[in-house]
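S.K.: Submitted below is the structure of interest, expressed as structure tokens.
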Amino acid sequence: MVFAQKAGAELGVRTTAWGMAIAALVALPFGFAGVEPVLAQPSILISAMLVGLLSSALPFWLEMVALTRMPARVYGMLTCLEPALGALIGFLFLHESLTALQCAGIAAIIAAAFGTAMTARLPTPLPGQRFEFCP
């Protein structure tokens with residue numbers, strides 16, 4: 001998260017574009033051979049592009065924008081809450097239920113994120129280094 005925050009501060013919204021382009025180039029050789037006949041159909045190609053945009057590019061871009069505007073520890077805590085939000089959405093909209101062990105796992109993730117956020121210390125500057133904290 002710290003590296004992503006620095007990359008976002010340096011490159012801005014282009015960070016997501018570069019990350020998605022690199023990921024696509026890495027994954028393309030493995031996936032293209034199996035779906036080449038299907039992607040020749042324009043309607044399926046447009047649908048696949050929309051799914052990619054809405055499920056990967058847009059969420060990553062929004063996370064990068066948020067990460068450049070908030071401290072990494074706050075972002076980390078919010079990210080750790082995603083499993084609970086996903087479980088709640090699955091329960092409300094898909095009528096899925098979790099086992100007690102799965103609920104305990106989500107609770108452990110939330111407790112760890114909360115504990116990390118509450119016990120985190122501010123970084124100490126090196127000798128001769130000026131340190132400014134902007135919450």
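The values are calculated or read from the model by the stated rules, or taken from the named source; none is laboratory data. The structure presented is a predicted model; accordingly, all values stated were derived computationally and were not measured. Cβ coordinates were reconstructed from backbone atoms using ideal geometry, including for glycine residues, and neighbour counts include every protein chain displayed. Accessible surface areas use protein heavy atoms only, side chains included; no ligands, DNA or RNA. Shrake-Rupley method; radii C 1.70, N 1.55, O 1.52, S 1.80 Å.
S.K.: Would you be able to tell me the number of residues in the range 80-108 that are among the β-branched types (V, I, T) and exposed (fewer than 15 other Cβ atoms within 10 Å of the Cβ)? Break it down stepwise before answering.
M.R.: Keep residues of the range 80-108 that are among the β-branched types (V, I, T), which gives 89, 99, 106.
Pick out the ones that are also exposed (fewer than 15 other Cβ atoms within 10 Å of the Cβ) and you get 89, 99.
The total comes to 2.
S.K.: Something else: What single numbered condition from (1) in contact with a Ser or Thr (Cβ under 7 Å, 6 or more places away or on another chain); (2) open to solvent by less than 90 Å² (accessible area, probe 1.4 Å) fails to hold for W61?
M.R.: (2)
S.K.: Pull out all pairs, ordered by first then second residue, where Cβ-Cβ is under 8 Å, the residues are six or more apart or on different chains, the first lies in the range 14-42 and is in contact (Cβ under 8 Å) with a residue 24 or more places away in the chain and polar (S, T, N, Q), and the second is part of a helix (DSSP H, G or I) and open to solvent by less than 90 Å² (accessible area, probe 1.4 Å).
M.R.: T15/A4; T15/A7; T15/G8; T15/M64; T16/A57; T16/M64
S.K.: Which one of R73, R69 is part of a helix (DSSP H, G or I), within 30 Å of G115 (Cβ to Cβ) and out of contact with any strand residue (DSSP E or B) (no Cβ under 9 Å at 6 or more places or on another chain)? Show your work before the answer.
M.R.: On the way: R69 fails: part of a helix (DSSP H, G or I).
Just one listed residue meets the conditions, R73.
S.K.: Another one. Given L92, L78, L101, L85, which one is modelled with pLDDT of 75 or more, in a helix (DSSP H, G or I) and over 24 Å from the mean Cα position of the chain (by Cα)?
M.R.: On the way: L92 fails: over 24 Å from the mean Cα position of the chain (by Cα); L78 fails: over 24 Å from the mean Cα position of the chain (by Cα); L85 fails: over 24 Å from the mean Cα position of the chain (by Cα).
Of L92, L78, L101, L85, the one residue that is modelled with pLDDT of 75 or more, in a helix (DSSP H, G or I) and over 24 Å from the mean Cα position of the chain (by Cα) is L101.
S.K.: Just to verify a result, which residue in the range 109-118, among those that are open to solvent by less than 60 Å² (accessible area, probe 1.4 Å) and at pLDDT below 80, is nearest to the chain's Cα centre (by Cα)?
M.R.: A113
S.K.: Ok, one more. Scan the range 29-59 residue by residue and report those that are among the hydroxyl-bearing types (S, T, Y) and more than 24 Å from W18 (Cβ to Cβ).
M.R.: Step one: filter the range 29-59 for residues among the hydroxyl-bearing types (S, T, Y), giving 43, 47, 55-56.
Those that are among the hydroxyl-bearing types (S, T, Y) and more than 24 Å from W18 (Cβ to Cβ): S43, S47.
S.K.: Still on this model: Would you check if L11 is at pLDDT below 75 and over 28 Å from A107 (Cα atoms)?
M.R.: On the way: at pLDDT below 75: yes; over 28 Å from A107 (Cα atoms): yes.
For L11, the condition - at pLDDT below 75 and over 28 Å from A107 (Cα atoms) - is met.
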